[in-house]
Amino acid sequence: QVQLVESGGGLVQPGGSLRLSCAASGSIFDINDMAWYRQAPGKQRELVARITHGDNINYADSVKGRFTISRDNAKKTVYLQMNTLKPEDTAVYYCNADIMSRSSFRFVGYWGRGTQVTVSS
């Protein structure tokens, strides 16, 4: 069974930094795109950043220059370094990945349970 588990969320003051991690586990054959989404109260889930298997990256305009996505394929982990955090970054952050398991041999999108990020003084 494939799982994505996020970690690294918490409470931080405006201007501060946090680093999120998301590790994939289970019977995995390959991982394609990996991404971070977020959902603030009363709002739709939105894409924050995406990184392909070939390290092509795109960011939401609202986080460009402040957030950095990266991945370690050997560890099956994606990271989100968040700097200069603002109160409007407050949300539940979800990891998403297109994963091919050894049982299905086709790519399926998986989601983590989310980690809360709160930016407040």
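None of the figures in this text is laboratory data; all of them are computed from the coordinates on show. Remember, predicted model here, so these are calculated numbers, not experimental data. Positions of Cβ are backbone-derived with ideal geometry, glycine not excepted, and every protein chain shown enters the neighbour counts.
Brief remarks on what is shown
- About its Cα centre, the dipole of the chain is roughly 120 debye, where the only charges are +1 on Lys and Arg Cβ and -1 on Asp and Glu Cβ.
- Applying 1/(1 + (r/R0)^6) with R0 = 30 Å to the Cβ-Cβ distance of Q116 and D55 gives a FRET efficiency near 0.60.
- Across region 15-30, the residues whose backbone nitrogen lies under 11 Å from the label position 7 Å along the beta-carbon direction of S7 are 21-23.
- Percent of Cα pairs in the chain per distance bin of 10 Å, from zero to the largest separation: 14, 47, 29, 9, 1.
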